[in-house]
Amino acid sequence: MIDNFGDIGVAWRLARELRTRLNWQIYLFLDDWDSLRCLAPDYANESGIILKNWQENEFADVENVCAPHVVIEMFACRLPENVLVILKKNQAIWLNWEYLSAENWAVRTHGMQSLQADGYAKYFWQMGFVPESGGLIREMAFRQPENLIEPNALRVLLFGYQSEIWVETLRAWQALGWRVDVDCVGWQVGQSLHELGDLLAENGKQYILGSLKIRQIDFVPQQNFDDLLAQYDWLFVRGEDSFVRAQFSGKPFFWHIYPQNELAHLDKLVAFWDGVWRDDATWQVAHRALSGELNGAFRLPENERMAHWQTLWGCRADWASGARDWQMFLLNQSDAVTRLANWCDLYNTK
C-alpha cells in the first residue's frame, strides 16, 4: 500500500489517530520502511501500532496477528490471499480507503458496497472535502501552530516533484524584483533548480538569484510538518498528506499533484479548485492559470505568467483571506476518524 511519502503519510497518520482516538489495536503492513523512518524516526515507540511486512499479491506476515474486526485496504492495494482468508473467517469489515479526490464520483461512491465474486462485501471509503464524503484525517488534538513569519521578505516553501516549471517560476519572481526567501524540501525541486546554473551563487546551502534567497532544507518528521508550514507566507505542496495539512494551515498554497498518464490528474486538480474558488475574481483566474501551468496542463507565454504573478501579489490579502475561509470550512466539519467510528457503529447494528 505504500510507495511514496503521500501513501505512508496518510497511512501512518490514520493509524496513530485510530489508536489514539478509538483505542484500536493497529497492525500496519508496509513494504517501504525507509519512507516511514523519514516521516516518523521514532515509530518504534508508538504503543498500540504493530508494524508488519508485506508484498503485494505475494505475502503478508500475519504471524501473531489478532483476529481483525476491521481491515483497511489502503489505496486499492490488493490483499494477499492469507489476509483475505483471515478477513473472511472473522467476518471483518473490509474497507477500501481510496485516494483523496473532490470529483463528484468520489462523493457518490463513498460508503458504496462492492460485492466480490464470492459475495463478500467490500466498502469504499472516499475521503473528501464536504460533509457527504469520508472527510479528512485531522487529529482530535489538532491545533494551528503560531504564525512564525518574519516580515522582511516573502517566505515560500517549495515541496514538489521534479519539473522545469520551478525555474520559470523563480525567474519570474526575480524579474519582478520580489524579495523572496525560498526553502526547498526534498531533492526533486532542488534538482530542477540546478538548471539555473551560473545564475546561482553558492554560499553554503544558500543560493542567490537577484532578489531571491534559495535554501535547501532538511526533510522534517510528520509531527513537525505543521510547525514548518507556519513559517511561510505561501506554500507549494505535493502528495496527499502534505496537501491536506496545507489546507489546515490556512495559508495560500499551490498543489503540485502527482502527474498521471494522459494528464488524468488534471480532472482531480480542477475538481478541487472548483470547490475552493467559486468566484471569477481576477486573482482566482490568475491562480488557476498558474496552477494549471505548474501541473502540466499548458505552458504560459512569459508575459502572461508575469502578469498572473503580479495579480496574485497585488491581491495577496484576498488570496490569504480565501485560504482562511477554506480552512474554516474544513475545520467546522467532522473529521474522517469520527465519520469512520460512526459508520462502523451503524454497520454493527445491522
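The values are calculated or read from the model by the stated rules, or taken from the named source; none is laboratory data. It should be emphasised that the depicted structure is a prediction, and the values quoted were computed from it without experimental measurement. Methodologically, a virtual Cβ is constructed for each residue, glycine included, from the backbone with ideal geometry; neighbour enumeration extends over all protein chains shown. The accessibility values were calculated without ligands, DNA or RNA, using every heavy atom of the protein model including side chains. Shrake-Rupley method; radii C 1.70, N 1.55, O 1.52, S 1.80 Å.
Can you compute the modelled spin-label distance between residue 303 and residue 230, with each label point 7 Å from Cα toward Cβ, in nm?
It works out to 4.5 nm between the two label points.
Using only the alpha carbons, work out the radius of gyration and Dmax of region 260-320 in angstrom.
12.1, 36
Could you do me a favour and compute the accessible area per residue for region 92-150, 1.4 Å probe, result in Å²?
50
How much length is gained if the chain between residue 318 and residue 115 is pulled fully straight, taking 0.36 nm per residue apart and subtracting their Cα-Cα distance, in nm to one decimal?
Extra length from residue 318 to residue 115 when fully extended: 68.3 nm.
Can you list residues whose amide H is under 5 Å from residue 74's amide H, if they're 5+ apart or on another chain and H is modeled 1.01 Å from N?
The answer is 97.
Can you give the helix-only mean residue ellipticity at 222 nm for the chain, where every DSSP H stretch with n ≥ 4 adds -39500 (n - 2.57) and the sum goes over all residues, rounded to the nearest 500 deg cm²/dmol?
It lands at -12000 deg cm²/dmol.
Cα to Cα, under 17 Å, and not fewer than 8 places away if on the same chain: which aspartates and glutamates meet these conditions relative to residue 122?
Partners within reach: 73, 81, 98, 345.
Can you list the HN-Hα couplings for region 308-323, worked out from phi with the Karplus curve (6.51, -1.76, 1.60; θ = phi - 60°), rounded to whole Hz and with x for Gly and Pro?
Along region 308-323, the couplings run 5, 5, 4, 5, 4, 5, x, 10, 5, 5, 5, 4, 5, 5, x, 5 Hz.
Could you give the accessible area per residue of region 253-350, probe 1.4 Å, as a whole number in Å²?
52
What list of ³J(HN,Hα) couplings, whole Hz, do you get for region 251-256 from phi and the Karplus terms 6.51, -1.76, 1.60, once you set θ to phi - 60° and write x for glycine and proline?
For region 251-256, the Karplus-derived couplings read 9, x, 8, 10, 10, 8 Hz, x marking Gly and Pro.
For residue 251, which lysines qualify as cross-link partners when the Cα separation must be under 28 Å and same-chain residues fewer than eight apart are set aside?
Straight-line reach from residue 251, under 28 Å: 205, 213, 268.
Quick one: if you stick a label point 7 Å off each Cα along the C-beta vector at residue 219 and residue 347, how many nm between them?
Taking the two extended label points, one gets 3.2 nm.
On the accessible surface of region 6-50, probed at 1.4 Å, how many percent belong to carbon and sulfur atoms?
Summing carbon and sulfur atoms, their accessible area is 45 percent of the total for region 6-50.
Can you list residues from other chains, or at least 5 along the same chain, whose modelled amide H is less than 5 Å from the amide H of residue 93?
Result for residue 93 returns 70, 71.
How much length would be gained if the chain were fully extended between residue 108 and residue 62, taking 0.36 nm per residue of separation minus their Cα-Cα distance, in nm to one decimal?
Extra length available between residue 108 and residue 62 comes to 13.2 nm.
What does the charge add up to near residue 341, with Lys and Arg as +1, Asp and Glu as -1, over the other residues with Cβ less than 12 Å from its Cβ?
It works out to a net charge of -1.
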